[in-house]
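Heads up: the structure comes next, in structure tokens.
Read-outs throughout are calculated quantities, based only on the coordinates presented, and are distinct from any laboratory measurement. These numbers were taken from a predicted model, which means no experiment stands behind them. Heads up, the Cβs are rebuilt from the backbone with ideal geometry, glycines too, and the neighbour counts pull from every protein chain shown.
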Amino acid sequence: MPSPLGGPREPAGHGIGRSRGGLTTKIHAAVDRRGRPLAVVVTGGQRNDGAMLEQVLADIRVPRLGAGRSRTRPDAVVADRAYSSGVNRRALARRSITTVIPQKRDEIAARKRRGSLGGRPPGLDVETYKGRNVVERHFTLTKQWRGLATRYDKLAITYRAATVLSACITWSRLLGDMP
């Protein structure tokens, strides 16, 4: 059942931010179909994107307009190849979340090398995958905030606070005209 907010489809993860030492901070985010942030996790720049998928999904809370618990499970996860691991695919399947993630070339080659033992390739809904640019546009909007793009903050908690504040501003702009 889609949420009252348009049904979340989360393209996840992307790194931005710069410190004196170089690119050392990543923002992993889940956004809905309209590019509104649903969850934000900040990690060190060396952290693997794919390893953060479960943590990002665990942070999603979409309140219902009426009575009932908040939604915590998106309809689908639309992500790039960094999230293509079997671990992520199995975790999403356990939660009955549709996976729209292309396979990495080395995964395809390994499956073909195994022949019939390699199994079937996972399906990819190409039309849905075209919507992945929504998360890229979200990060482009986030980069407009100079403090986040240049990573002036020395503490991760301050940087995370800035990302959450940026998300709040995004939501307030989109919800500002509602009664």
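Prolate is the label for the stretch 90-179. Its Cα gyration tensor axes, ordered a ≥ b ≥ c, give a/c of at least 1.5 and a/b above b/c. Exposure proxy ranking for Asp80, Asp59, based on other Cβ atoms within 10 angstrom of each Cβ and starting from the fewest, stands as Asp59, Asp80. Coupling constants for the stretch 80-92 follow from the phi torsions by the Karplus curve (6.51 cos²θ - 1.76 cosθ + 1.60, θ = phi - 60°), and in residue order they are 8, 4, 4, 9, 7, 5, x, 4, 5, 4, 5, 5, 5 Hz; glycine and proline get x. Near Leu38, the amide H atoms lying under 5 Å from its own belong to Ala30, Val31, Asp32; only residues 5 or more places off or on other chains count, and H is placed 1.01 Å from N. If you sort the three axes of the alpha carbon gyration tensor as a ≥ b ≥ c, you get a/c of 1.5 or more for the stretch 12-168 and a/b no higher than b/c, which makes it oblate. For the stretch 151-161, the Karplus equation 6.51 cos²θ - 1.76 cosθ + 1.60, evaluated at θ = phi - 60°, returns couplings of 6, 6, 5, 8, 9, 4, 5, 5, 5, 5, 4 Hz by residue, with Gly and Pro reported as x. Using only alpha carbon pairs under 8 Å that are at least six residues apart, calculate the relative contact order of the chain and give it in whole percent. This gives 23 percent for the chain.
Convert each backbone phi in the stretch 31-45 into a coupling constant with the Karplus relation 6.51 cos²θ - 1.76 cosθ + 1.60 (shift: θ = phi - 60°), then list the ³J(HN,Hα) values in order as whole Hz, x for Gly and Pro. Here the 3J(HN,Hα) series is 10, 8, 4, 9, x, 7, x, 10, 8, 9, 10, 10, 9, x, x Hz.
Taking label positions 7 Å along the Cα-Cβ direction at both Leu165 and Trp145, the computed distance is 0.7 nm, reported to one decimal. If one takes the longest principal axis of the Cα atoms in the chain, at what angle in degrees, from 0 to 90 and to the nearest 10, does the Cα axis of helix 133-143 lie? Tilt relative to the chain: about 30 degrees. In a simple Cβ point-charge model (Lys, Arg +1; Asp, Glu -1; nothing else charged), the stretch 51-113 has a dipole of about 240 debye relative to its Cα centre. Taking the chain as a Gaussian network, where each spring joins two C-alpha atoms under 10 Å apart, which residue of Arg111, Arg81, Arg89 fluctuates the most? Of Arg111, Arg81, Arg89, the most mobile in the Gaussian network model is Arg111. Counting other Cβ atoms within 10 Å as a rough exposure proxy, the listed residues Arg114, Arg151 run Arg114, Arg151 from fewest neighbours to most. How much of the DSSP beta bridge set in the chain is antiparallel, as a percent to the nearest 5? Antiparallel bridges: around 75 percent, rounded to the nearest 5. Exposure proxy shown here: for Leu53, Leu175, Leu117, the number of other Cβ atoms within 10 Å sets the order, fewest to most, as Leu117, Leu175, Leu53.
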